[in-house]
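> A single structure is presented below for examination.
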Amino acid sequence: MSLRSFSARSVLKAHRLLSTAFYRDAASRGFGRKVYFEVYGCQMNVSDSEVAWSILKDEGFSRTKEAHDADVILAVTCSVRENAEQKIWNRLDYFNSLKKKAPKERSSVKVGILGCMAERLKKKLLETNGLVDFVAGPDAYRDLPSLLTLAESGQEAMNVALSMEETYADVTPLRFNTDSPTALLSIMRGCNNMCSFCIVPFTRGRERSRPFSSVIRECRHLIEQGVKEITLLGQNVNSYGDKLETSDVSSDDVELSRGFTEIYKRRKRGFRFVHLLDQISKINPEVRIRFTSPHPKDFPDDLLQLIQSRPNLCNHIHLPAQSGSTSVLKRMRRGYSREAYLDLVQLIRKTIPGVHISSDVIVGFCGETDEEFQDTMSLMNLVQYDMAYMFAYSMRQKTHAYHKLNDDVPKDVKQKRLQEVVTAFYSLAEKKQREKIGQRHLVLVEGASKRSKSDLSGRNDGNIRVVFPDVTMPDKLTFTGGHARAVPGDYVAVEITDATSISLLGKPLWKTSLAEWSAEEATGR
């Protein structure tokens, strides 16, 4: 054997060994592996899943929209209500069946639970006969690659530690639907309110806000991608405060709604939510800004006045009441009375003419009497919400109610009350919606209607769905008086022709812009 041939074989062998090592290492980082996300619960979970996807993509993963095609299945979970968790348990059985049916090349399919359910149940999830391989709480998404490595080596893989600092401010979320003209942007995490019914402070941790500069940076990034509507997110979004930033407005200004209190000591906030909203709304006046989910206590006058003054700050306020009874609100530890809440509604409608108000309502809370429930029914009649999310109370472990109160309203009574409040809401909402017939609304087109490909669908300023025919229309954005069809991201003036309790139907009048629409409204059109 010649020295030359020996050297060639040695080099080839060494190359193969190095290649094998490289691909083994690459596989551990995710190269060539597919991840599937299934998201439950609130918009914050959607935002979290986009953060997790950004972290995994940096590790070489690709995303699939089909669970049966995935190497890693991630359920981003909710624990706010019991039935939300039950849905996820049912899905875990299905995911387990996919693991068993996976072809040999994907024999190591792993299932992970992320989010609030992971934080609440912790190790219990890993003790489910192989249904779950790893667990990551809301503040542990940076550890997903490491947790996957541990799970694949047969070790316990769990990180549910809550953080006092984590906001993922340096992670640019990767949007699942890049074709959509709308996007979510998380500006703060956690909650300090400690309402007696709510598990969020225990699954999401204490309140902390993203740095102002990182929020502005992500806003600009989204707008550069063509986004025309941004929804700012937080468990108590309007309590945002970046204490490291300062503003021209004194921190001694009133920060709470009049007549409202809070059970914890308020810290210095520095740059408050109103200051952040002011700066964001100036980035591009053609981009709509929404926010959710707020607490009624954090609507000082200057915030309401700002919303009224900026055309691109949507005239829609989510104002969770939870109950219409002062005594129930006290047991819920909400920090306000029925009267204070109604005074705030009146102030909002006086400050922001034409505002749309939505709410959250819980029936059957601990000790709720028939008289207290009727207080909620009368509140619904008085306020006449444009949208409401209504639930029967579901006691959650760790909460104040779990430790101090009795869940003593029978299940059948809860369901009866829920049906009653739902029926009342939809009856009132349809009447209110039909009053809009004949009005002109500015609609941001989001895409084709789910019910008919010949129709377009979008939302008006008040966050109400509007459906109208996909036809050619005058285009006020051109100087030639041309006609064009609308596409996602366009603003269209629509005349309302019909209504249901939750949506509007109309005919398109013309394509326009926020600036042009606002100018016409100012002159009475």
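> Give me the pairs, please: first residue somewhere in region 288-309 and without any contact (Cβ under 8 Å) to a residue 40 or more places away in the chain, second residue anywhere and open to solvent by less than 20 Å² (accessible area, probe 1.4 Å) and hydrophobic (A, V, I, L, M, F, W, C), beta-carbon distance under 9 Å, and either six or more positions apart or on two chains.
Pairs found: L306/V274; L306/L277; L306/L313.
> Moving on. Please specify each residue of region 288-305 satisfying the condition of being part of a strand (DSSP E or B) and out of contact with any helix residue (DSSP H, G or I) (no Cβ under 7 Å at 6 or more places or on another chain).
R288, R290
> Right, something else. Among the residues of region 491-502, write down those that are surrounded by fewer than 21 Cβ atoms within 10 Å (Cβ to Cβ), in contact (Cβ under 8 Å) with a residue 60 or more places away in the chain and farther than 21 Å from T182 by Cβ. I'd like the intermediate steps shown before the answer.
The initial filter retains those residues of region 491-502 that are surrounded by fewer than 21 Cβ atoms within 10 Å (Cβ to Cβ), namely 495, 497-498, 500-502.
Those still in the list that are in contact (Cβ under 8 Å) with a residue 60 or more places away in the chain too: 497-498, 500-502.
Residues satisfying the conditions are T497, D498, T500, S501.
> Being within 23 Å of L319 (Cα to Cα) and among the hydrophobic types (A, V, I, L, M, F, W, C) is true for just one of L418, L477. Which residue is that? So that I can check it myself, show each step before the final result.
On the way: L477 fails: within 23 Å of L319 (Cα to Cα).
Of L418, L477, the one residue that is within 23 Å of L319 (Cα to Cα) and among the hydrophobic types (A, V, I, L, M, F, W, C) is L418.
> Being over 19 Å from I502 (Cβ atoms) and buried (at least 21 other Cβ atoms within 10 Å of the Cβ) is the filter here; which residues of region 354-378 pass it?
Within region 354-378, I362, V363, G364, F365, E368, F373, T376 meet the criteria.
> Which is touching a residue at least 24 places away in the same chain (Cβ under 8 Å) and surrounded by 16 or more Cβ atoms within 10 Å (Cβ to Cβ), of E446, E430? Outline the logic, then answer.
On the way: E430 fails: surrounded by 16 or more Cβ atoms within 10 Å (Cβ to Cβ).
Sole residue among the options that is touching a residue at least 24 places away in the same chain (Cβ under 8 Å) and surrounded by 16 or more Cβ atoms within 10 Å (Cβ to Cβ): E446.
> Right, something else. Evaluate the following for R331: is it over 27 Å from N192 (Cα atoms), in a helix (DSSP H, G or I) and at pLDDT 95 or above?
So R331 does not fit the description; no.
> Just one of (1) open to solvent by less than 50 Å² (accessible area, probe 1.4 Å); (2) within 27 Å of W510 (Cα to Cα) trips up I437, so point out which.
(1) is the only condition that I437 fails.
> Within the set of pairs 6 or more residues apart or between chains, which connect a residue that is among the charged types (D, E, K, R) inside region 143-164 to a residue that is surrounded by fewer than 18 Cβ atoms within 10 Å (Cβ to Cβ) with Cβ atoms less than 9 Å apart?
E152/S28; E152/S108; E156/K123; E156/L150
> Which residues, counting only those in region 217-236, are of a type in the set (V, I, T) and either open to solvent by less than 10 Å² (accessible area, probe 1.4 Å) or part of a loop (DSSP other than H, G, I, E, B) (or both)? So that I can check it myself, show each step before the final result.
Residues of region 217-236 of a type in the set (V, I, T): 223, 227, 230-231.
If the condition is that a residue be of a type in the set (V, I, T) and either open to solvent by less than 10 Å² (accessible area, probe 1.4 Å) or part of a loop (DSSP other than H, G, I, E, B) (or both), then V227, I230 are the ones that fit.
> From (1) over 21 Å from N193 (Cα atoms); (2) part of a strand (DSSP E or B); (3) out of contact with any Ser or Thr (no Cβ under 7 Å at 6 or more places or on another chain), pick out the condition that doesn't hold for I317.
It is condition (1) that I317 fails.
> Check off (1) in a loop (DSSP other than H, G, I, E, B); (2) under 23 Å from the mean Cα position of the chain (by Cα) for Y389 and give me the number that stays unchecked.
Of (1) in a loop (DSSP other than H, G, I, E, B); (2) under 23 Å from the mean Cα position of the chain (by Cα), only one is false for Y389: (1).
> Might you check whether a residue that is over 23 Å from H318 (Cβ atoms), open to solvent by less than 20 Å² (accessible area, probe 1.4 Å) and out of contact with any Phe, Trp or Tyr (no Cβ under 9 Å at 6 or more places or on another chain) occurs anywhere in region 462-470?
Yes, region 462-470 contains at least one residue that is over 23 Å from H318 (Cβ atoms), open to solvent by less than 20 Å² (accessible area, probe 1.4 Å) and out of contact with any Phe, Trp or Tyr (no Cβ under 9 Å at 6 or more places or on another chain).
The values are calculated or read from the model by the stated rules, or taken from the named source; none is laboratory data. Bear in mind the structure is a predicted one, so any value in this text is a computation, not a measurement. Quick reminder, even Gly has a Cβ in these numbers, built from the backbone with ideal geometry, and neighbours come from all protein chains shown. Note: accessible area is taken over every heavy atom of the protein model, side chains too, but ligands, DNA and RNA are not part of it. Shrake-Rupley method; radii C 1.70, N 1.55, O 1.52, S 1.80 Å.
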